[in-house]
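> Take this structure, written in structure tokens, and hold onto it; I'll ask about it next.
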Amino acid sequence: MTYLIEGETGDWEVVIGLEVHAQIVSEAKLFSGAATEFGAEPNSQVSLVDAAMPGMLPVINEVCVEQAVRTGLGLEAEINLHSVFERKNYFYPDLPQGYQISQFLNPIVGEGIIHLDMPEGPREIGVERLHMEQDAGKSLHDQDPKRTYIDLNRSGVALMEIVSKPDLRSPEEAGAYMRKLRAILRYLGTCDGNMEQGSLRCDANVSVRHPGEELRTRAEIKNINSVRFVMQAIEHEAERQVEVYESGGDVVQETRLYDPNKGETRSMRSKEEAHDYRYFPDPDLLPLDITQEYVDAIKSGLPELPDAKKERFISDFELAPEDAAVLVADKDSAEFFEALAEGRNAKLAANWVIHELFAVLNKEGKSIAESQVNADDLGKLIDLISDDTISGRIAKDVFEVMVSDGGDPAKIVEEKGLKQITDTGEIETMVDQLIADNPDQAQQYKDGNEKVAGWFVGQAMKASQGKANPQMVNELLKKKLG
Ligand code: MN
């Protein structure tokens, strides 16, 4: 479905490009050996380089280079064997160097692709580039007394800035892009994707136009820290711009901030142009030259990524494409499912993960890594269904107990007496009783009313509290009345 905003001058299309800052998984910073652990005491992870002491020289951290190349390969992008670090000059209290070391004209990664599965069909979103750069420190504002403190723990931490082409056309596509990019980064192990902790931050460039027109002026919404907020911010900003144009005004190029509480974007400052930053190659660092062999070695060690995994789940496990997509969207879910499906009915396993386990996790706001039921125990439960020890209905009750109290499903079945009744004698007695108690229905059954068969099975399940084996009930009914 095309996302259009109706206006008096016609429909408006939204054009979105995303710039994502992804913190590289590395124990040390981009140009220093200081630690990068989240949540440490302020200013406890700061080397002399990060504090910009005079005479200190940056030294490139090879792990970060490898991670950037790995990410580029995961985005099906061209890797540039020659790249250059440049200084991006600006003043801010949390930037002691007075410049950020970044890459500008020659980034390490060029054009790539991210594939999206949208309800209306597949979409290919272009990646413009990926470059490495340093993060800045953090200003902490105190109200009483009114002071600002600087924490340099984040100063110099390695980031990948991943820039998309302006290919996105709706808040939904932007949300899908963020989720897909985060999944790829997590599969690769190059960024933990944790938006709440700021390891993944998004700037959204938004403009509107009548379909078919040239691109108009864009506004940049800075530092959005959740996928939901990215989508909301774009929606509000697009509507604001349409209003500006429709009331005869012009959108100005500027940096804006999204306020989720008020559901609006606000102007922060007029947008700088690249030349305002006086980029120039950092004289303290040599150009970064890597070899094709180095890239190939990283390529040969890439893990299976979500798109490939989805195809394999469809072909090997015969899963429906929608189910496969849900399972591979998150690396932990995919691994959980694979462990569960091993040697079992994969479709049944997929159903249990998607419909039962995810329902519980969603309700409790937990990730699959925090699940109280592990793949081992859920597997045992599925085995009990497969070998007819319990019915699918009873299994749901057992699962509830596993969720609330934990424990081995076989033990729960034993303790609560939930075993399926497969004893022919016991079921026969039950069926005889039902026939004797309901002569009318028995007659209807004999007259060939098939619905009544279902009614009898329902009664038998009720009488046995769900424990009668429905197939056996059916067979006995047929034998006695058919
Ligand atoms: Mn940047």
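No value in this document is a laboratory result; all are computed from the given coordinates. In this text, all values refer to a predicted model and were calculated from it rather than measured experimentally. Cβ sites come from the backbone with ideal geometry, for glycine too, and all protein chains shown count toward neighbours.
> Given Cα positions, please report Rg to Rh for the chain, the hydrodynamic radius being the Kirkwood one.
The Rg/Rh ratio comes out at 1.12.
> Another question, then. Would you grab the residues whose amide H sits under 5 Å from the one on GLY7? Only those 5+ places off in sequence or on another chain, please, with H modelled 1.01 Å from N.
Amide H to amide H, under 5 Å and 5 or more residues apart or across chains, GLY7 pairs with TRP12.
> Using the 10 angstrom Cβ neighbour count as an exposure proxy, how do GLU311, GLU120 rank, fewest first? List each step's numbers first, then the result.
Details: GLU311 14, GLU120 8.
By the 10 Å Cβ count, ascending, the order reads GLU120, GLU311.
> Residue by residue through the range 176-188, what is 3J(HN,Hα) from phi via Karplus (6.51 cos²θ - 1.76 cosθ + 1.60, θ = phi - 60°)? Round to whole Hz and write x for glycine and proline.
Rounded to whole hertz, the list is 5, 4, 4, 5, 5, 4, 4, 4, 4, 4, 5, 4, 6.
> So, in Å, what gap is there between the alpha-carbon centers of the range 168-243 and the range 22-86?
25
> While we're here: Report, by chain and number, residues whose modeled amide H sits under 5 Å from the one on ILE150, excluding near sequence neighbours (fewer than 5 apart, same chain).
Excluding prolines and chain starts, which carry no amide H, the hits are LEU140.
> Please compute the length gained on full extension between GLU335 and MET118, using 0.36 nm multiplied by the number of residues separating them and subtracting their Cα-Cα distance.
Values: separation 217, 0.36 × 217 = 78.12 nm, distance 2.34 nm.
Answer, rounded to one decimal: 75.8 nm.
> Now for a separate question. Sort the range 170-265 into rounded, prolate or oblate with this rule: let a ≥ b ≥ c be the square roots of the eigenvalues of the Cα gyration tensor; rounded if a/c is under 1.5, and if a/c is not under 1.5, prolate when a/b is larger than b/c, oblate otherwise. Numbers along the way, then the final one.
Numbers: a/c = 2.65, a/b = 1.91, b/c = 1.39.
Note, shape of the range 170-265 comes out prolate.
> If each residue's Cβ is checked for other Cβ atoms within 10 Å, how do ASP405, ASP117 rank with the fewest at the top?
Numbers: ASP405 9, ASP117 17.
By the 10 Å Cβ count, ascending: ASP405, ASP117.
> With the crude spin-label approximation of a point 7 Å out along Cα→Cβ, what separation in nm comes out for ARG216 versus LYS451?
In this crude spin-label approximation the distance works out to 5.9 nm.
> If you don't mind, another one. Between GLN197 and HIS82, what FRET efficiency follows from the Cβ-Cβ distance if R0 is 25 Å, with the result rounded to 0.05?
On the way: r = 34 Å, r/R0 = 1.35.
It comes out at approximately 0.15.
> So how much slack lies between ASP296 and VAL59, counting 0.36 nm per residue of separation and subtracting their Cα-Cα distance, in nm? Mind showing how you got there, number by number?
Values: separation 237, 0.36 × 237 = 85.32 nm, distance 2.42 nm.
Net length gain for the segment: 82.9 nm.
> What list of ³J(HN,Hα) values in whole Hz, one per residue of the range 403-420 in order, does the Karplus curve 6.51 cos²θ - 1.76 cosθ + 1.60 (θ = phi - 60°) give from phi, with Gly and Pro shown as x?
Running phi through 6.51 cos²θ - 1.76 cosθ + 1.60 with θ = phi - 60° gives 5, 7, 10, x, x, 6, x, 4, 5, 4, 4, 5, 4, 8, x, 9, 4, 5 Hz.
> Now a separate question. I'd like the FRET efficiency for ALA369 and ASP437, computed as 1/(1 + (r/R0)^6) with the beta carbon distance as r and R0 of 45 Å, rounded to 0.05. Show your work: numbers first, answer last.
Details: r = 52 Å, r/R0 = 1.15.
It comes out at approximately 0.30.
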